[in-house]
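The values are calculated or read from the model by the stated rules, or taken from the named source; none is laboratory data. Please read all numbers here as calculations on a predicted model, not as lab measurements. Cβ atoms come from the backbone with ideal geometry, glycine included; neighbour counts cover every protein chain shown. These area figures cover heavy atoms from the full protein model, side chains too; ligands, DNA and RNA do not enter into them. Shrake-Rupley method; radii C 1.70, N 1.55, O 1.52, S 1.80 Å.
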Amino acid sequence: LRGLRMITFEIPGKFNTTAQQKGVTVRYGKPVFYEKPEVKALRHKLYYSCKPHRPSQPFQGAVRLRVTFYYQTKNKRQIGQFKTTRPDLDNLNKLLWDVLTDTGFFKDDSQICIFEARKGYSTEDKIKIEIEEIEC
């Protein structure tokens with residue numbers, strides 16, 4: 001396994017909203033799902049935070065993605081420990097994958113062949129993202 005190109009960056013801020021938090025209304029007797037305002041706001045923030053870091057050309061082949069969600073704690077003993085409470089790690093990542101695709105890091109999130117995700121405690125709220133184009 002060889003790395004070809006790699007991009008690493010961090011996005012400051014708290015990330016508790018997930019793409020799974022959909023709203024539903026009924027129109028003409030049928031349910032219509034929509035993105036809640038807080039999800040739209042997070043998508044917007046992620047988009048404009050990721051955009052400056054995108055590569056000049058999207059990654060073409062297989063991609064390794066490492067994501068760490070850090071949550072601020074004042075308890076010094078928690079720093080460096082895993083966060084085992086909500087939000088769920090899988091739900092946090094779906095919105096991020098969509099944004100990384102929309103901003104041009106890769107053509108489609110199906111290119112992600114290796115994925116590592118963590119959530120833990122730190123001195124500040126942020127997401128650390130590492131994207132690496134790989135060759136087997």
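List of remarks:
- Computed [θ] at 222 nm, helices only, for the chain once each DSSP H run of length n ≥ 4 contributes -39500 (n - 2.57): -6500 deg cm²/dmol
- Across K14, K76, K119, the residue with the most accessible area heads the list, and the full order at a 1.4 Å probe is K76, K14, K119.
- Take the Cα of E116, step 7 Å toward its Cβ, do the same at F33, and the gap between the two points is 3.2 nm.
- C136 exposes around 140 Å² of accessible area when a 1.4 Å probe is run over every protein chain in place.
- Loop-located chymotrypsin sites (Phe, Trp or Tyr not before Pro) across region 1-98 with a Cβ neighbour count of 13 or fewer within 10 Å are Y28, with loop assigned by DSSP.
- Between Q57 and R5, the simple label model (points 7 Å from Cα in the Cβ direction) yields a spacing of 0.7 nm.
- The string of couplings for region 102-118 from the Karplus curve (6.51, -1.76, 1.60, θ = phi - 60°) is 4, 8, x, 6, 8, 6, 8, 5, 5, 6, 6, 9, 10, 9, 10, 9, 9 Hz, one whole number per residue in order, with x for Gly and Pro.
- Hits among lysines - C-alpha to C-alpha of K94 under 22 Å, sequence gap 8 or more where chains match: K14, K22, K36, K40, K45, K51, K83, K107, K119, K126, K128
- Options [x] 1.01; [y] 1.16; [z] 1.10 - which one matches Cα Rg over 2.2 N^0.38 Å as calculated here: [y]
- Prolate/oblate/rounded label for region 6-70 (Cα gyration tensor, a/c 1.5): prolate
- Heavy-atom accessible surface of R43, to the nearest 10 Å², is about 60 Å², with a 1.4 Å probe and all protein chains retained.
- For T17, distant residues with modelled amide H under 5 Å away: none
- Total charge dipole magnitude, the chain, about the Cα centre, Cβ charges on Lys, Arg, Asp, Glu only, Debye to nearest 20: 540 debye
- Sulfur and carbon atoms: percent of accessible area, the chain [1.4 Å]: 49 percent
- Multiplying the residue separation of V26 and D90 by 0.36 nm and subtracting their alpha-carbon distance yields 20.2 nm.
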